[in-house]
């Protein structure tokens, strides 16, 4: 990672961080030759860097999500010269069950709704926590959970079942696997109630929803098969409908081209495919907007990050209208119909959830 200049940090919350030229070292109490204004620091802000946490449960999904984060932050450090051209980003990976670190600026990565909320409840007072995949309705939140428009599993399931209902389906089954099985289950139960569908086994249901990972796709589905985006794989997929809430990775939109270029340059072997890599990348891109706003406001303290969040508007990351793009279901196959979730207009930002 590239660190621009040297900083001196006082060891307390609300300290002042003074950026200087690479050849000059100064403290808050001495005269500095830097023309850059000082930035108020906070937990995780030191020596020209901002430390963030990735709180994920060990799993293939978690590994891919963290890989997406790492690729984006390498792009920020090496191509953009750091946040605001002044601060490199350090991503510290920690297990969900571990105590939340008190020496990070915020939790920039998490995976499932339950894990996001668990981390938020244990986090130091005022610390922001970025959501992973989300549910349309969060049961409760400490008020510090914020989310980019990452996949909304409940909305995907309800949209898919709504389509199947229009096709005459009266019974539904859920097939789920992977780290987000609990979120899939919650979204499915809510959708059954809202749509007045009865539950059945995949071997007899009029429609089966596959959610969570490609391992969830059943071989014995008797009726229609609706595959959520997190369960979709282009190779060998045979679905009646694919439901998704993020852009397609193979799209030609400039944001996706940049993602592919960044993965080729900074990736360490994890392919830029699948929903989880994009979730991590998008989380990082949204947090980057927050940090840039905080640096522009000269305040990286906990309160400064909170204020920056309140000032943020929607940001266009160049992902285009991916949620409604056609989906190629594989070589030699007809494209699978694809249903996007409303709101995929190419603008992406951080929104509070659960308040």
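The values are calculated or read from the model by the stated rules, or taken from the named source; none is laboratory data. No experiment lies behind these values; they were computed from the predicted model shown. FYI the Cβ positions are ideal-geometry reconstructions off the backbone, even for glycines, and counts take in every protein chain you see.
Being part of a loop (DSSP other than H, G, I, E, B) and either modelled with pLDDT of 85 or more or within 15 Å of residue 128 (Cα to Cα) (or both) is the filter here; which residues of region 267-314 pass it? Within region 267-314, 297, 298, 300, 301, 312 meet the criteria. The set of residues in region 83-133 being in contact (Cβ under 8 Å) with a residue 60 or more places away in the chain, part of a loop (DSSP other than H, G, I, E, B) and surrounded by 24 or more Cβ atoms within 10 Å (Cβ to Cβ) consists of 104, 105, 106, 111, 112, 127, 131, 132, 133. Among the residues of region 166-221, the ones that are assigned to a helix (DSSP H, G or I), touching a residue at least 60 places away in the same chain (Cβ under 8 Å) and closer than 22 Å to residue 64 by Cα come to 2 in all.
With respect to residue 19, is the statement that it is part of a loop (DSSP other than H, G, I, E, B) and modelled with pLDDT of 50 or more true? Explain how you work it out, then say what you get.
On the way: part of a loop (DSSP other than H, G, I, E, B): yes; modelled with pLDDT of 50 or more: no.
Answer is no for this residue.
Quick check: is even one residue across region 320-332 in contact with a helix residue (DSSP H, G or I) (Cβ under 6 Å, 6 or more places away or on another chain), at pLDDT below 65 and farther than 30 Å from residue 127 by Cβ? Reasoning before the result, please.
Kept after step one, since they are in contact with a helix residue (DSSP H, G or I) (Cβ under 6 Å, 6 or more places away or on another chain), are these residues of region 320-332: none.
Within region 320-332, not a single residue is in contact with a helix residue (DSSP H, G or I) (Cβ under 6 Å, 6 or more places away or on another chain), at pLDDT below 65 and farther than 30 Å from residue 127 by Cβ.
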